[in-house]
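These notes concern the structure reproduced below.
Since every read-out is calculated from the coordinates, none of them should be taken as a lab result. The structure presented is a predicted model; accordingly, all values stated were derived computationally and were not measured. Please note: Cβ atoms are built from the backbone with ideal geometry, for glycine as well, and neighbour counts cover all protein chains shown.
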Amino acid sequence: MARTIAALMRHGHYHQPEHTPSAHLPYPLTETGREQATSVAREVLEVAEEQGWAVDPVIETSHLLRAWETGRIIRERWVEMLARGFTVESFEDLSERSVGSAANLTEEQITAIVEADPRHELPPNWRLDSVLRLPFSGAESLMEAGERVLRHLDHRFRDLAEVATVDTVRLVVGHGGSIRHAAIHMGILRLEEVLGLSMRNCGVVYFERFPDGSWKHVLGEWKVRDRKPAESWAPRD
């Protein structure tokens, strides 16, 4: 049976307001982010060639603009480099952790709102808590976001395995937080490891999905955080 590999990529650098959780922010890539996407397009093709993997014509992205733009730029480069067609398909299930009705608020604003509500309180370093769900409509925890991403990947790569006749890699452009927490549900990372890890903009980790539904990390490195988790204001997506 042909192997199926997910190349899971964090989007490029984008216009993120200071001290604001990435979550579902609607902003586009910066010029740096566009350059990162252009550069990584060749890198992914080189890895596929070295490993003997065919590159699937579908590029999956989150529906958030920064991820879609990253995928679009890579698609354009691949069309130029390989002279064949690629398509970008966007999915809400690949998005970052939702903070619900607190979207686009700063960390300070979110903290103040919860502290003013007598029904709730936030633990210390709440931003770093993988299982905490903010008490807002539509919010989810990082673990819930990771579970959502994994459900999507399981469905899509099971379907890919049914039609793939050669070892195939498919690019999936998403968000660092939800990708890392999906890796916990895959059994690839442990919960206690996640706070010390991140993903570089346009960084890629390669996960193979097996016929029994299990996953394995086969290539690519996580970014090790430079500072202790308690000293970071929040996990970046």
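To the nearest 10 degrees, how steeply does helix 31-51 sit against the main Cα axis of the chain, on a 0 to 90 scale? For helix 31-51, the angle is close to 40 degrees.
Remark on T61: its backbone amide H falls under 5 Å from those of E89, S90, F91, V173, a criterion applied only to residues 5 or more positions apart or on other chains, H modelled at 1.01 Å from N. Non-local amide H neighbours of G12 (under 5 Å, H modeled in plane, Pro and chain starts lacking H): which ones? Distant-sequence amide H within range of G12: T70, C202. Could you compute the longest span of the chain free of trypsin sites (Lys or Arg not before Pro) located in DSSP loops and having at most 10 other Cβ atoms within 10 Å, not counting the site residues? In short, 1-83.
Averaging sequence separations of C-alpha pairs under 8 Å and six or more residues apart, then dividing by the length of the range 104-228, give the relative contact order as a whole percent.
Details: 117 pairs, mean separation 22.4, N = 125.
Relative contact order here is 18 percent.
Counting only alpha carbon atoms, the long axis of helix 176-186 and the longest principal axis of the chain meet at about 70°.
Scanning the chain for GluC sites (Glu not before Pro) in DSSP loops with at most 15 other Cβ atoms within 10 Å, what's the longest stretch left with none?
Working: sites that count: E18, E121, E221.
Longest site-free region, per DSSP loop and neighbour criteria: 19-120.
Contact order for the range 4-231, expressed relative to its length and based on alpha carbon pairs under 8 Å spaced 6+ residues apart, stands at 30 percent. The HN-Hα couplings worked out from phi for the range 158-171 by the Karplus form 6.51 cos²θ - 1.76 cosθ + 1.60 (θ = phi - 60°) are 5, 5, 4, 4, 6, 10, 6, 9, 9, 4, 9, 10, 10, 7 Hz, whole numbers, x standing for Gly and Pro. Estimated from helical segments only, the mean residue ellipticity of the chain at 222 nm is -11500 deg cm²/dmol, where each DSSP H run of four or more residues counts as -39500 (n - 2.57). Could you size up the charge dipole of the chain around its Cα centre, putting +1 on the beta carbon of Lys and Arg and -1 on that of Asp and Glu, and report it in debye to the nearest 20? My answer is approximately 180 debye. Restricting to the chain, compute how many DSSP beta bridges are antiparallel as a %, nearest 5. So the antiparallel bridges amount to about 45 percent of the total. Backbone phi angles across the range 77-92, fed through the Karplus curve with coefficients 6.51, -1.76 and 1.60 (θ = phi - 60°), yield HN-Hα couplings of 5, 5, 4, 5, 7, 10, 6, 8, x, 9, 10, 10, 10, 9, 9, 5 Hz in residue order; Gly and Pro are listed as x. Pairs of Cα atoms nearer than 8 Å and 6+ residues apart set the relative contact order; for the range 1-100 it is 31 percent.
With only Lys, Arg, Asp and Glu charged, each at its Cβ (+1 for the first two, -1 for the last two), find how big the charge dipole of the range 96-205 is about the Cα centre; round to the nearest 20 debye.
Working: 12 positive and 16 negative charges, 63 e Å.
So the magnitude is around 300 debye.
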